[in-house]
Amino acid sequence: MQDINLKITDRNGDLHEIVAPTDMSMNLMEVIRSYELADEGTIGVCGGMAMCASCQVYVGEGVEKLREMGDEEEAMLSEAFYVQDNSRLGCQIPISVEIDGLEVAIAPYP
Ligand code: FES
């Protein structure tokens, strides 16, 4: 297993180049929380169940590395605020070697 590099822009527009482990069964929302890139209570509100959209991110470089959206993710994004064509739910993006180099920006808190 190896670590991967991610570029995450926080809600203030600051870019963070971070390293995330692929062997801890984490998802992108949990990585954002562990690096405290969003205020506590404003991300991961539903615990990663695709039911709150507080973990919404806009995907930049590397979008082709992501798995297709699942039904629950698609349903949540269809009713969330601030959704763009490149929106995804961070809690539905597993940290794996496939997404090394991914760039995302955290969407506004809903
Ligand atoms: Fe609630 Fe991702 S943490 S939808």
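Please verify whether residue 78 is outside any strand (DSSP E or B), without any contact (Cβ under 8 Å) to a residue 12 or more places away in the chain and within 16 Å of the ligand (Cβ to nearest atom), treating the condition exactly as stated.
yes
Can you tell me which residue in the range 16-45 is nearest to the ligand (Cβ to nearest atom), limited to those that are free of Cβ contacts under 8 Å to residues at least 12 places away in the same chain and within 14 Å of the chain's Cα centre (by Cα)?
45
Of a type outside the set (D, E, K, R) and away from the ligand (no atom under 15 Å from the Cβ): does that describe residue 69?
Answer is no for this residue.
Inside the range 50-74, can you point out the residues that are touching a residue at least 24 places away in the same chain (Cβ under 8 Å), of a type in the set (Gly, Ala, Ser) and over 16 Å from residue 104 (Cα atoms)?
50
Scan the range 69-110 residue by residue and report those that are over 17 Å from residue 49 (Cβ atoms) and at pLDDT below 95.
Answer for the range 69-110, where residues must be over 17 Å from residue 49 (Cβ atoms) and at pLDDT below 95: just 109.
Name the one entry in 76, 69, 51 that is farther than 25 Å from residue 3 by Cα, surrounded by 13 or more Cβ atoms within 10 Å (Cβ to Cβ) and touching a helix residue (DSSP H, G or I) at 6+ places or on another chain (Cβ under 8 Å).
That would be 51, the only listed residue that is farther than 25 Å from residue 3 by Cα, surrounded by 13 or more Cβ atoms within 10 Å (Cβ to Cβ) and touching a helix residue (DSSP H, G or I) at 6+ places or on another chain (Cβ under 8 Å).
One residue is enough: does the range 46-55 have a residue meeting the conditions part of a strand (DSSP E or B) and under 10 Å from the mean Cα position of the chain (by Cα)?
No, there is no match, as no residue in the range 46-55 is part of a strand (DSSP E or B) and under 10 Å from the mean Cα position of the chain (by Cα).
The values are calculated or read from the model by the stated rules, or taken from the named source; none is laboratory data. This structure is a prediction, so every number in the text was calculated from the model and none was measured. Cβ coordinates were reconstructed from backbone atoms using ideal geometry, including for glycine residues, and neighbour counts include every protein chain displayed.
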